[in-house]
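Please read the structure below before turning to the comments.
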Amino acid sequence: MESDDRKLFVLDTNVLLHEPLAIYSFQEHDVIIPMTVLEELDNIKDRQKDVSREARVAIRTLEDVFREATPEQIAEGVWLGQRGGEHSTGRLAIFADHNLPEGEAVFTNKENDNRIINAALYLQKSQPKRQVVLVTKDINMRLKAKGTGLKHVEDYRTDQLIDDIRLLAKGFQRLEGDFWERVGEVDTTSSGRDVYHWVAEEKVPDTHINQYLLDEQEQFAGRVQGRDNGRLQIKDIGRERLMGRHAWGVHPKNIYQAMALDALLDPTLDLVILTGPAGCGKTLLAMAAALELVIERGIYDRIIVTRNTPEIAESIGFLPGTEEEKMMPWLAAVTDTLEVLHKHDVSKEGSLQYIMEKANIQFKSVNFMRGRSLQNTFVLLDECQNLTPSQLKTIITRCGEGTKLVCSGNLAQIDSTYLTPVTSGLTYIVERFKNFEGSANIYLNGVIRSRLASFAEENL
């Protein structure tokens, strides 16, 4: 590992827990795994937690690289490009940080983070012609490393689709001025009750499939249906017609809820992603649409409501009862919503019991979704800002024919210690699916729960 133009990346344990295949993300540069990292992975791999699975995958990945290597080769570095990393041409080595000379250690205690920093500092000193970079997702560790004299310390950002959460696609675009003055003449076609306009892409730039379009005059409302030969196909929904959408007695209170309800009630959309602050109506609209589509229209056979359980989708076994009963405390937001939808009924309890049976509403844990195949089902995945991209992939790939998945969450309420708004699975699917013709994403701007909740959202 003596080439001057190849950087030397020292990986912290949390990088491999976040992305077990991270060793293949550094292209032509070399990667160092301190022995302390292997020890931490070993301590984590047998725990009954989701993070243990990531540790085991990381260990198996390292074992595949070093399977036929000698101890000398492991210390010197093994070429990654020959081990399945098609984008990796650098080398991977294990550094015995336990054997550092006493006088070379900046930190004298045996804390794991300090030992990894010591290893990076030693490499920086022993290989002055090379750029040594410590990669860690631990903010405090990055501060400590910089404070001890390490010149290059970075967060692991390779898997981040965006750098700033403010750049996340909102699912709609407000056009300046009047829509018709902006686009001029258009080609218009009709199919049944639906009217479509063909508009030049340069007239409405930076759009994606199923993105809603609104103008400042509050007259036009449409949705991008497709593009062909530099033209956009826009479905003319009409602002009044959009605001007239309703489901299970629920009417939209603002244009954002109207767009969300339009997407939720559209059976051609297999995935609807609802984001926004607490109190904007995500769960209420999703449940109202679910009841409308299952009971009134008969499009789906059942409703499955699921979410991750606290502590990063850990076990629910400490609670008594069946799986549904165990999940009830975590799904109180959904049951509260059902009560709101039927609060004016003569017998609210009787109505809720009838609806639960009529709509075949099932409460399931994310833990038990792997291996299932859901057919003709309306799936509501609540609070999915706390899910990792791999967890969301597990759920999405369970959806079979005739199934609609609704993902809702608030990126300002992440409880997981391993996730940030830019690394959350919710952010990941918003960006990955924004050009998928079978999905729509809506950011519900504005809190309508109460004036108290609205003030708190804006000022706290």
Answer with yes or no whether E383 is within 10 Å of the chain's Cα centre (by Cα) and in the same structural domain as L264 (by TED's automatic domain parsing). no
Result of the Cβ filter at 7 Å on region 369-381, keeping first residues that are farther than 14 Å from S408 by Cα and crowded, with 18+ Cβ neighbours inside 10 Å and partners that are modelled with pLDDT of 75 or more and small (G, A, S), at least 6 apart or interchain, is L374/G400
Just need a number here: residues in region 422-460 that are modelled with pLDDT under 85, on the phi < 0 side of the Ramachandran plot and not polar (S, T, N, Q). 12
Looking at L232 and the list (1) aliphatic (A, V, I, L, M); (2) in a strand (DSSP E or B); (3) under 25 Å from A288 (Cβ atoms), which single condition is not satisfied? (3)
Given the conditions (1) touching a residue at least 40 places away in the same chain (Cβ under 8 Å); (2) part of a strand (DSSP E or B), and given that V224 satisfies all but one, which numbered condition is not satisfied? (1)
Looking at the structure I just gave you, is R130 assigned by TED's automatic domain parsing to the domain that holds D12, farther than 24 Å from L17 by Cα and in contact with a strand residue (DSSP E or B) (Cβ under 6 Å, 6 or more places away or on another chain)? yes
Looking only at region 167-212, how many residues end up being under 31 Å from the mean Cα position of the chain (by Cα), in a loop (DSSP other than H, G, I, E, B) and of a type in the set (D, E)? 2
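For (1) surrounded by fewer than 15 Cβ atoms within 10 Å (Cβ to Cβ); (2) outside any helix (DSSP H, G or I); (3) at pLDDT below 85, each residue gets a yes or a no:
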| position | (1), (2), (3) |
| --- | --- |
| R60 | yes, no, no |
| Q73 | yes, no, no |
| R83 | no, yes, yes |
| A93 | no, yes, no |
| F107 | no, yes, yes |
| N114 | no, no, no |
| A120 | no, no, no |
| K125 | yes, no, no |
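The values are calculated or read from the model by the stated rules, or taken from the named source; none is laboratory data. Computed from a prediction, not measured in an experiment: that's the story for all the values here. Cβ atoms come from the backbone with ideal geometry, glycine included; neighbour counts cover every protein chain shown.
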